[in-house]
1. Run VAL92 past the list (1) part of a helix (DSSP H, G or I); (2) within 26 Å of GLY204 (Cβ to Cβ) and report the number of the one that doesn't hold.
2. Of ASP145, ASP168, which residue is over 18 Å from HIS207 (Cα atoms), modelled with pLDDT of 95 or more and within 16 Å of the ligand (Cβ to nearest atom)?
3. Within segment 116-125, does at least one residue satisfy the condition of being under 26 Å from MET191 (Cβ atoms), among the β-branched types (Val, Ile, Thr) and away from the ligand (no atom under 16 Å from the Cβ)?
4. Do you know which of the residues in segment 132-167 that are surrounded by fewer than 13 Cβ atoms within 10 Å (Cβ to Cβ) and charged (D, E, K, R) is nearest to SER27 (Cα to Cα)?
5. One residue is enough: does segment 152-161 have a residue meeting the conditions among the small types (Gly, Ala, Ser) and within 16 Å of the ligand (Cβ to nearest atom)?
6. Looking at segment 56-74, is at least one residue out of contact with any Ser or Thr (no Cβ under 6 Å at 6 or more places or on another chain) and of a type in the set (Gly, Ala, Ser)?
7. Test each condition in (1) near the ligand (Cβ under 8 Å from one of its atoms); (2) within 20 Å of PRO82 (Cα to Cα) for PHE197 and report the one that comes out false.
8. Hey, can you tell me all the residues within segment 88-119 that are of a type in the set (Gly, Ala, Ser) and crowded, with 20+ Cβ neighbours inside 10 Å?
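The values are calculated or read from the model by the stated rules, or taken from the named source; none is laboratory data. From a predicted model like this one, the values you see are computed outputs, not experimental measurements. Cβ placement follows ideal geometry from the backbone for every residue including glycine, while neighbour counts extend to all protein chains displayed. All accessible areas refer to the heavy atoms of the entire protein, side chains included, with ligands and DNA or RNA removed. Shrake-Rupley method; radii C 1.70, N 1.55, O 1.52, S 1.80 Å.
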Amino acid sequence: MSIPENLTDILARIAVARKAAIAPAPSTKLVAVSKTVAEDGIREALAGGQRLFGENRVQEAQAKFPQLKTDYPDLELHLIGPLQSNKVKEAVALFDVIQTLDRVKLADALAAERDKSGKCPRLLVQVNTGEEPQKAGVLPRETADLVAYARKLDLPVQGLMCIPPAEDDAAPHFALLLKLAREQGLENLSMGMSGDFELAVKFGASHVRVGSAIFGARDYATTT
Ligand SMILES: *Cc1c(COP(=O)(O)O)cnc(C)c1O
């Protein structure tokens, strides 16, 4: 199937899953994860009507997206990979949403850059629901403190994001993220990938992040 056909198929599956949802979000948006995808593939998705994209490396996104954003002013770009403090300036300039706020130091850097540039992307806090030592994200029990800290800095925190451990049943992780978001009064939940986005929708995902089911298998393995 072509990229536009894959998009149509996934949007239809999201709509079906929303009808069976335990806790449907007011809307569920498809973030097309275009890491490792060349510009041609992204342009095919744009021609198919897709406007929301996710990238997990600042540098790769800087190489691909400035021209695309000029050509498609309504394109919305989300950072879904870890952000180093020394890349905050570039990330704030390019991304509309940063889904990976996961520590106090990064909140400080984002607030400082906001004060300098007058600009701040909308933010999601990444939660390490599986408490995996090698994975980014704040621990579930520390989520409330980080959200409170970011709010004190007047940062626009709008939701939570998680990447469950690959080997786990994702359902308890999605349920935990939903519970944490409700406790914090946060509306947006970014969860679910190619293999489990319908399950995530059932648990209230407002954003699903789908890569290979749209663009095909990636040439090389990428972590995170
Ligand atoms: C790569 C990636 C995805 C998409 O994964 P697929 O299995 O290709 O859909 C989603 N979220 C994050 C954070 C990623 O890095």
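1. (2)
2. The unique qualifying residue is ASP168.
3. Within segment 116-125 (the criterion being under 26 Å from MET191 (Cβ atoms), among the β-branched types (Val, Ile, Thr) and away from the ligand (no atom under 16 Å from the Cβ)), the answer is no, since none of the residues qualifies.
4. By that ranking, first place goes to ASP154.
5. Taking every residue of segment 152-161 in turn, at least one turns out to be among the small types (Gly, Ala, Ser) and within 16 Å of the ligand (Cβ to nearest atom).
6. yes
7. For PHE197, the exception is condition (2).
8. Those that are of a type in the set (Gly, Ala, Ser) and crowded, with 20+ Cβ neighbours inside 10 Å: ALA91, ALA107, ALA109.
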